[in-house]
1. Determine, yes or no, whether ALA8 is of a type outside the set (Asp, Glu) and either outside any helix (DSSP H, G or I) or touching a Phe, Trp or Tyr at 6+ places or on another chain (Cβ under 7 Å) (or both).
2. Among the residues that make up the range 225-232, is at least one of them among the aliphatic types (A, V, I, L, M) and free of Cβ contacts under 8 Å to residues at least 60 places away in the same chain?
3. Can you report the number of residues in the range 156-198 which are among the β-branched types (Val, Ile, Thr), under 21 Å from PHE62 (Cα atoms) and either free of Cβ contacts under 8 Å to residues at least 60 places away in the same chain or not in a loop (DSSP other than H, G, I, E, B) (or both)?
4. Going through the range 25-61 one residue at a time, which ones are of a type in the set (D, E, K, R) and either farther than 16 Å from GLN113 by Cβ or over 16 Å from the mean Cα position of the chain (by Cα) (or both)?
5. Anything in the range 177-187 that is surrounded by 16 or more Cβ atoms within 10 Å (Cβ to Cβ) and touching a Phe, Trp or Tyr at 6+ places or on another chain (Cβ under 9 Å)? List them, or say none.
6. So for the range 121-134 (the condition being closer than 23 Å to LEU80 by Cα and open to solvent by 10 Å² or more (accessible area, probe 1.4 Å)), does at least one residue qualify?
7. Among the residues of the range 105-118, are any part of a helix (DSSP H, G or I) and surrounded by 13 or more Cβ atoms within 10 Å (Cβ to Cβ)?
8. Exactly one condition in (1) farther than 14 Å from PHE217 by Cα; (2) open to solvent by less than 10 Å² (accessible area, probe 1.4 Å) is false for LEU139; which is it?
Amino acid sequence: MPSAQAFAEAVQFPDTAFTDSLLAGCTPDLTTLGLPRGISGAFAIVFRMTDAMGDAWAAKCFFNPSPDLRGRFSALSARLADHPVDAVAPFNFLPGGIRVEGQAWPVLRMPWQSGRSLISHVQHHLNEPDALVALASALAATQRDLEAAGIAHGDLQHGNILVDGDALAPRIRLIDLDAAFVPALRKLDSLEAGHRNYAHPDRGPSDFGPYVDRFTFRVLDASLRALAARPN
């Protein structure tokens, strides 16, 4: 399996690394050393790519893709096409989207999502109770939208929730939907047990359904409203 370094080395030359014409024509964000800047997690690394028009894209490359990854993303994409959710951007799953050392690997391409991380947003507005209550309300609206669409994120935590817009009218953006549930996947297990500070402690792989985010949303709501009342 390619390492983060191997993916970064390939992304130095997007015109030959990517099989997707859009990404092949992009330029990666670079570090001070002149290498592609990647945001690395346990299972993937994401590169910010900018096209000739100045639009930014996320190219997510997977270290150890599960055998059914393509089917999971295809099912999620189809569900979002019929039941769009404002907090979730459309994406393209490219099964052989990048070549690394002569072998093709999958890439997920989507518009780059801007905004502060959840924790950064809370820290920035910690002494503004109205802003924290507005954030709680925005998250509750996102929960309603997801459940109305029959979708669950599956791994809600501070790193996967971005907040954009005005403090009193925040917009939620959800990223990293590798573990998402949609009805077409009901016979499968979850790929994630969730972050230990957000997920129910008894959650297991078989807990996979439209309900799986509810505990996390309640934790977030209670925490934000508590901070609004007592920021110390």
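1. no
2. yes
3. Counting residues in the range 156-198 that are among the β-branched types (Val, Ile, Thr), under 21 Å from PHE62 (Cα atoms) and either free of Cβ contacts under 8 Å to residues at least 60 places away in the same chain or not in a loop (DSSP other than H, G, I, E, B) (or both) gives 1.
4. Across the range 25-61, the qualifying residues are ASP29, ARG37, ASP51, ASP55.
5. Residues satisfying the conditions are LEU177, ASP178, ALA179, ALA180, PHE181, LEU185.
6. Within the range 121-134 (the criterion being closer than 23 Å to LEU80 by Cα and open to solvent by 10 Å² or more (accessible area, probe 1.4 Å)), the answer is no, since none of the residues qualifies.
7. Yes.
8. (1)
The values are calculated or read from the model by the stated rules, or taken from the named source; none is laboratory data. This is a predicted model, so every value here is computed, not measured. Don't worry about glycine lacking a Cβ; one is built from the backbone with ideal geometry, like all the others, and counts go over all protein chains shown. Each accessible area value is taken on the protein alone, full model and side chains, heavy atoms only, with ligands, DNA and RNA left out. Shrake-Rupley method; radii C 1.70, N 1.55, O 1.52, S 1.80 Å.
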